[in-house]
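The values are calculated or read from the model by the stated rules, or taken from the named source; none is laboratory data. Only a predicted model underlies this, so the values are computations on that prediction, with no experimental measurement involved. Here the Cβ positions follow ideal geometry from the backbone for every residue, glycine too, while neighbour counts run over all protein chains shown. Accessible surface areas use protein heavy atoms only, side chains included; no ligands, DNA or RNA. Shrake-Rupley method; radii C 1.70, N 1.55, O 1.52, S 1.80 Å.
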Amino acid sequence: MKNIFILLGMFLGIAVFAASCGDSKKTKSTEMKNENVASGANVKEIYFAGGCFWGTEHLFQQVRGVVGTEVGYANGNIKNPTYEQVISHTTGFTEAVKVRYDADQVDLKLLIDLFFKSIDPTTLNRQGNDVGDNYRSGIYFTDKNTEAVVKAEVQKLAKNYTKPVVVETITLKNFYKAEDYHQDYLDKNPGGYCHIEPGLFEEARNANPLPKAKK
């Protein structure tokens, strides 16, 4: 399904460029501001694979405390894969989102909770209309402290389901940035394909409000 939208997007790209340019510049400037703010902060990273990475990235971009995102391909068996190679189901990669967050502003447990709401964690190699091992769900980490939090939280959330939860929770082996046209895709193409319900984006925007000022 997503491949159809990619082809349509390529043909319509020139037509929508002028309209999307303003949003794209806004996104880039916001990212630059966030990076500057985060330079002295307690910034950590985590990787989420939840089906099509367009929607998963957009979800985490809504959360206060997330200071940067990047879509790419995780835990495969070749170097520098292309999108075409990943969707061939021969490389072992899954579509994933690198999420950089300020741990002093947002709790990793909140990010994991939002992630679970965006997927069916009991479905193997499928989310929405996208089917294949490159759409398998997972949470990948790079340090032991994060590993402990992820596994404990997933174990807790798994109790809410009658079927086994099949979300991978393993160490990140590798991650390669996806092609530029995949980055910030739903900002540049607001009508683009997404398997996540729009209401969850609004929930993510409100999930971590600023603390109330003390009187």
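Being open to solvent by 100 Å² or more (accessible area, probe 1.4 Å) and either of a type in the set (Lys, Arg) or touching a strand residue (DSSP E or B) at 6+ places or on another chain (Cβ under 7 Å) (or both) is the filter here; which residues of the range 170-182 pass it?
Lys173, Lys177
Please work out which one of (1) open to solvent by less than 30 Å² (accessible area, probe 1.4 Å); (2) touching a residue at least 60 places away in the same chain (Cβ under 8 Å); (3) touching a Ser or Thr at 6+ places or on another chain (Cβ under 6 Å); (4) of a type outside the set (S, T, N, Q) is the condition Val167 fails and give its number.
Of (1) open to solvent by less than 30 Å² (accessible area, probe 1.4 Å); (2) touching a residue at least 60 places away in the same chain (Cβ under 8 Å); (3) touching a Ser or Thr at 6+ places or on another chain (Cβ under 6 Å); (4) of a type outside the set (S, T, N, Q), only one is false for Val167: (2).
Give the residue, chosen from Gly199, Gly191, that is closer than 24 Å to Asp120 by Cβ, in a loop (DSSP other than H, G, I, E, B) and either out of contact with any Ser or Thr (no Cβ under 8 Å at 6 or more places or on another chain) or open to solvent by 80 Å² or more (accessible area, probe 1.4 Å) (or both).
The unique qualifying residue is Gly191.
Looking at His89, His58, which is the one that is in contact with an Asp or Glu (Cβ under 8 Å, 6 or more places away or on another chain), touching a residue at least 12 places away in the same chain (Cβ under 8 Å) and crowded, with 21+ Cβ neighbours inside 10 Å?
His58
Got at least one residue in the range 36-52 being more than 16 Å from the chain's Cα centre (by Cα) and modelled with pLDDT of 95 or more?
The answer is yes; a qualifying residue exists.
Restricting attention to the range 111-120, does a residue exist that is farther than 22 Å from Asn160 by Cβ and open to solvent by less than 30 Å² (accessible area, probe 1.4 Å)?
Within the range 111-120 (the criterion being farther than 22 Å from Asn160 by Cβ and open to solvent by less than 30 Å² (accessible area, probe 1.4 Å)), the answer is no, since none of the residues qualifies.
Given the criterion at pLDDT 95 or above, out of contact with any His (no Cβ under 6 Å at 6 or more places or on another chain) and of a type outside the set (Gly, Ala, Ser), identify the matching residue among Val71, Val63.
Answer to the selection: Val63.
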